[in-house]
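One structure below.
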Amino acid sequence: MLKFYPRPAQALVTRACALGVVLLAGGGARAADPDAFGWTFGGFGTAAVSHSDNRQADYSSSVLKATGAGYTDAWSPHVDSRLGAQLGITVDKQWSGVVQVITEQRLDRSYRPIVEWANIKYQATPDLAVRVGRIGLPIFLAADYRKIGYAYPWARTPVEVYGAIPISNSDGIDVSYRWRANGIKFVSQAVAGGTTLPLLNDDEVKSRKLTGISTTAERGALSGRISAFSSEVTINLAEYLFDGLRRFGPRGESLARQYEIKRKRFNALTLGATYDPGNWFAMAEIGRFTTHSFFGKSVTVYSSAGYRFGAFTPYVAFAGAKAKSPTHDPGLALDGLPPQLAASAAQLNDGLNYLLMSVPAQHTLSAGVRWDVRRNIALKLQYDRVRPGERSRGTLFNVQPGFGARPRVNLASAVLDFVF
């Protein structure tokens with residue numbers, strides 16, 4: 001969407017990373033004839049370090065990482081660092097394919113690579129295309145490049161908004177169609193599929209009956225995107241807690257049924273826009289996320305603006321998440337229970353309310369500067385002041401007992417983004 005920053009759609013397939021502006025130097029199509037077989041290869045990465053002054057919780061860019069800056073290490077390279085590569089194959093005007101592999105910290109603390117994209121594309125007409133395989137979810141303004149740090153102005157995409165859907169791809173099919181109306185360029189996209197995301201040990205996220213629609217619009221310097229997404233989600237997380245609640249009769253059964261995530265419908269609606277006439281940019285995005293489980297309901301938003309002075313782009317941003325469902329539940333009644341059962345029930349109540357603290361209530365003020373050192377290298381320095389809401393840990397994790405009712409985090413990050 002931003003003209004200055006990358007917007008790869010099937011980005012590295014065409015050797016363009018960043019809005020078709022930055023060409024990848026590696027590889028190259030073997031033939032200039034569009035009807036001939038050709039291939040492209042390129043990559044991207046982020047080398048980063050972040051410092052947090054709060055040692056009672058970890059800050060990270062994703063809940064799918066094991067550690068962050070703060071409790072585990074005051075200085076952490078794991079918040080934003082990643083490396084990716086992409087191979088694109090063009091058979092002729094109609095058939096092409098792409099594979100994208102990314103490595104970043106996982107919940108088991110390893111950096112084992114994962115396949116982010118792997119799909120075959122059929123260009124039925126100049127405006128109609130069908131893809132089958134592993135496809136990026138068309139959610140958010142940065143849906144096509146959320147893993148490519150060089151593509152956006154900040155150190156990371158706003159975690160309050162983008163962290164609400166940590167799943168970034170789906171195994172299935174999508175159909176996209178380009179069209180025009182009243183001088184506006186549109187691209188509409190529909191996706192159907194599902195995915196399984198391993199967590200830690202035997203835990204996993206299963207997303208089934210996943211469907212989504214998205215439309216982008218562009219006219220001159222103004223562009224926007226609206227997306228809707230729905231999926232049936234199962235997460236076998238904290239099963240011991242819900243099994244324990246069920247042992248306490250109807251009230252426990254009701255609590256387990258209310259908060260566990262077994263074939264629960266997850267719905268998301270996002271709307272974003274950006275205006276970029278050249279020397280400056282402004283953008284904003286809002287999302288509403290709903291699930292009948294301990295993840296609850298939330299509304300998230302961010303806005304950001306920056307001005308370009310040659311190779312330097314100072315910017316500011318605000319991001320927030322507001323819980324629209326309770327972040328605390330009285331749980332099981334303790335009155336009248338024998339002491340041993342009361343102690344067990346109290347532990348179950350504590351465990352349930354720790355889960356409910358994951359319903360995000362948080363706001364972040366950010367300021368930073370991006371320096372485009374070279375055509376394919378950008379250095380970013382960013383300061384974030386993060387404030388979780390009452391009875392919520394926001395997007396923080398590895399929370400310790402002394403975390404506090406309304407803590408704050410001062411985070412400083414240095415990020416080197418590159419494409420090749």
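Kindly provide the set of residues from the range 203-228 that are hydrophobic (A, V, I, L, M, F, W, C), open to solvent by less than 50 Å² (accessible area, probe 1.4 Å) and either farther than 19 Å from E116 by Cα or not in a strand (DSSP E or B) (or both), ordered by number. Explain how you work it out, then say what you get.
Initially, the range 203-228 is screened for residues hydrophobic (A, V, I, L, M, F, W, C), giving 205, 210, 213, 217, 221-222, 226, 228.
Now narrow it down to the ones that are open to solvent by less than 50 Å² (accessible area, probe 1.4 Å): 205, 210, 217, 221, 228.
Within the range 203-228, A217, A221, A228 qualify.
If you check D144, D174 for being over 27 Å from P407 (Cβ atoms), acidic (D, E) and in a loop (DSSP other than H, G, I, E, B), only one passes: D144. Select from the range 175-202 the residues that are within 20 Å of the chain's Cα centre (by Cα) and either surrounded by fewer than 16 Cβ atoms within 10 Å (Cβ to Cβ) or not polar (S, T, N, Q) (or both) and list them in ascending order. If the condition is that a residue be within 20 Å of the chain's Cα centre (by Cα) and either surrounded by fewer than 16 Cβ atoms within 10 Å (Cβ to Cβ) or not polar (S, T, N, Q) (or both), then A190, V191, A192, G193, G194, T196, L197, P198, L199, L200 are the ones that fit. Among the residues of the range 269-288, those that are open to solvent by less than 10 Å² (accessible area, probe 1.4 Å) and either assigned to a strand (DSSP E or B) or under 17 Å from T215 (Cα atoms) (or both) comprise T270, G272, T274, F281, E285, G287.
Could you look through the range 357-405, keep only residues that are among the polar types (S, T, N, Q) and not in a strand (DSSP E or B), and pick out the one that is modelled with the lowest pLDDT?
Taking the range 357-405 first, the residues among the polar types (S, T, N, Q) are 358, 362, 364, 366, 376, 382, 392, 395, 398, 400.
Then drop every residue that is not not in a strand (DSSP E or B), which leaves 358, 376, 392, 395, 398, 400.
Values: S358: 81, N376: 94, S392: 84, T395: 91, N398: 91, Q400: 88.
So the residue we want is S358.
Yes or no: the range 352-372 includes at least one residue that is over 23 Å from S304 (Cβ atoms) and either surrounded by fewer than 14 Cβ atoms within 10 Å (Cβ to Cβ) or charged (D, E, K, R) (or both). Checking the range 352-372: not a single residue is over 23 Å from S304 (Cβ atoms) and either surrounded by fewer than 14 Cβ atoms within 10 Å (Cβ to Cβ) or charged (D, E, K, R) (or both). Does G336 satisfy the condition of being out of contact with any His (no Cβ under 7 Å at 6 or more places or on another chain) and modelled with pLDDT under 90? Yes, satisfied. Mind listing whichever residues of the range 67-81 are without any contact (Cβ under 8 Å) to a residue 60 or more places away in the chain and within 16 Å of the chain's Cα centre (by Cα)? Once the filter is applied, which keeps residues that are without any contact (Cβ under 8 Å) to a residue 60 or more places away in the chain and within 16 Å of the chain's Cα centre (by Cα), the range 67-81 yields H78, S81. Per the conditions (1) among the small types (G, A, S); (2) under 22 Å from I135 (Cα atoms); (3) modelled with pLDDT of 95 or more, the sole criterion not satisfied by S52 is (2). I226 meets each of the listed conditions (1) closer than 16 Å to L141 by Cα; (2) out of contact with any Ser or Thr (no Cβ under 9 Å at 6 or more places or on another chain); (3) of a type outside the set (G, A, S) apart from (2). On inspection, I184 does not qualify as within 26 Å of K297 (Cβ to Cβ) and either in contact (Cβ under 8 Å) with a residue 40 or more places away in the chain or aliphatic (A, V, I, L, M) (or both).
Residues that are buried (at least 17 other Cβ atoms within 10 Å of the Cβ) and over 15 Å from Y354 (Cβ atoms) within the range 396-414 comprise P407, V409, L411, A412, S413, listed in sequence order.
Give the residues of the range 326-342 that are open to solvent by 30 Å² or more (accessible area, probe 1.4 Å) and under 15 Å from Y354 (Cα atoms), sorted by residue number. Lay out the reasoning, then the answer.
Step one: list which residues in the range 326-342 are open to solvent by 30 Å² or more (accessible area, probe 1.4 Å), which gives 326, 328, 330, 333-341.
If the condition is that a residue be open to solvent by 30 Å² or more (accessible area, probe 1.4 Å) and under 15 Å from Y354 (Cα atoms), then P326, H328, P330 are the ones that fit.
Out of curiosity, is A25 touching a Gly at 6+ places or on another chain (Cβ under 7 Å) and either open to solvent by 40 Å² or more (accessible area, probe 1.4 Å) or at pLDDT below 95 (or both)?
Numbers: touching a Gly at 6+ places or on another chain (Cβ under 7 Å): no; either open to solvent by 40 Å² or more (accessible area, probe 1.4 Å) or at pLDDT below 95 (or both): yes.
No; evaluated as a whole, the condition is false for this residue.
Every test in (1) assigned to a strand (DSSP E or B); (2) open to solvent by 20 Å² or more (accessible area, probe 1.4 Å); (3) among the acidic types (D, E) is passed by D417 save one, and that test is (2). Of all the numbered requirements in (1) open to solvent by 20 Å² or more (accessible area, probe 1.4 Å); (2) in contact (Cβ under 8 Å) with a residue 24 or more places away in the chain; (3) not basic (K, R), D384 misses one, and that requirement is (1).
Can you confirm whether Y307 is modelled with pLDDT of 95 or more and open to solvent by 40 Å² or more (accessible area, probe 1.4 Å)? Don't jump to the end; show me each part of the working.
Numbers: modelled with pLDDT of 95 or more: yes; open to solvent by 40 Å² or more (accessible area, probe 1.4 Å): yes.
So Y307 passes the test.
Scanning the range 310-322 for residues being surrounded by fewer than 18 Cβ atoms within 10 Å (Cβ to Cβ) and either in a strand (DSSP E or B) or within 17 Å of the chain's Cα centre (by Cα) (or both) gives a total of 5. Residues satisfying the criterion are present in the range 82-93 (criterion: touching a residue at least 60 places away in the same chain (Cβ under 8 Å) and under 22 Å from P158 (Cβ atoms)). Among the residues making up the range 120-139, those that are of a type in the set (A, V, I, L, M), surrounded by 14 or more Cβ atoms within 10 Å (Cβ to Cβ) and assigned to a loop (DSSP other than H, G, I, E, B) are L137, I139.
The values are calculated or read from the model by the stated rules, or taken from the named source; none is laboratory data. This is a predicted model, so every value here is computed, not measured. Quick reminder, even Gly has a Cβ in these numbers, built from the backbone with ideal geometry, and neighbours come from all protein chains shown. Ligands, DNA and RNA are excluded from the accessible area calculation, which covers all protein heavy atoms including side chains. Shrake-Rupley method; radii C 1.70, N 1.55, O 1.52, S 1.80 Å.
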